[in-house]
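What follows is calculated from the coordinates using simple rules that are stated; it is not laboratory data. What you see is a predicted model, and the numbers here were worked out from it, not measured in a lab. Here Cβ is always computed from backbone atoms with ideal geometry, including for glycine, and neighbour counts include all displayed protein chains.
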Amino acid sequence: MTLKQSNSQVYDAIKERGTVYLATFQELKQRYGEEEAISVMRNVSHAHGVRVGKTMAHLAPRDFESVCKCWVLAPDDGATFRPDIRRLDETGVEVRMMTCPIKDAWADAGCSDQEICTLLRCASAYDRAALESAGFNVEIELWSPGKDGCCLTRISEKS
């Protein structure tokens, strides 16, 4: 298997996760309304993030080089999400993911920009919970229409 095939397979698998995420959100919204769907999706994303974050706790309080390797560049050394690492130093990491297969799945499914923003709000609970559970402060600027790439994340030492 070549690297290009592997990256395509990784991209497609993550994109499929976005498709499942969308179908779940739509079903919850239909049954219980949008507010409850958002609440459930954020809670599930948060709970999953807490579990993942515990596996990175050994990196706190400031091993930002390793955070970059195991979070920012995962799962394939940056090929899938194409991170634009704007800062990596002893105080933290600032990165914008330039591609996002999950967001691409939603766009390909015909979601409006507003729907994509809502879904990103739900999904970002995972990232926030993972990084906070690992022992870091995190700020996430969600993608919005007109912005390049996807979300901008700032990771720093927990205050």
Whole-number percent relative contact order across region 3-157, with pairs defined as alpha carbons under 8 Å at least 6 apart: 30
Compute the distance in nm between two label points, each set 7 Å from the Cα along the Cα-to-Cβ direction, one at Thr24 and one at Gln9. 2.4
Prolate/oblate/rounded label for region 5-49 (Cα gyration tensor, a/c 1.5): oblate
Net length gained if the chain between Lys158 and Glu141 were fully extended (0.36 nm per residue, minus Cα distance): 4.3 nm
Dipole magnitude of the chain about its Cα centre, charges +1 at Lys/Arg Cβ and -1 at Asp/Glu Cβ only, in debye to the nearest 20? 220
Placing +1 at every Lys and Arg Cβ and -1 at every Asp and Glu Cβ, with all other atoms neutral, what dipole size does region 65-159 have around its Cα centre, in debye to the nearest 20? 120
Kirkwood radius from Cα pairs of region 52-121 plugged into Stokes-Einstein at 4 °C, 1.567 mPa s, gives D in µm²/s equal to 95
Among Pro101, Ala47, Asn137, whose Cα sits farthest toward the positive end of the charge dipole of the chain (+1 at Cβ of Lys/Arg, -1 at Cβ of Asp/Glu, about the Cα centre)? Ala47
Per the Debye formula with a single identical scatterer at each Cα and no solvent contribution, what log10 I(q)/I(0) holds for region 65-106 at q = 0.14, 0.15, 0.21 Å⁻¹? -0.31, -0.35, -0.64
List the GluC sites (Glu not before Pro) within region 52-159 that fall in a DSSP loop (any state other than H, G, I, E or B) and whose Cβ has at most 13 other Cβ atoms within 10 Å. Glu90
Shape call, region 24-153: gyration tensor on alpha carbons, a/c limit 1.5: oblate
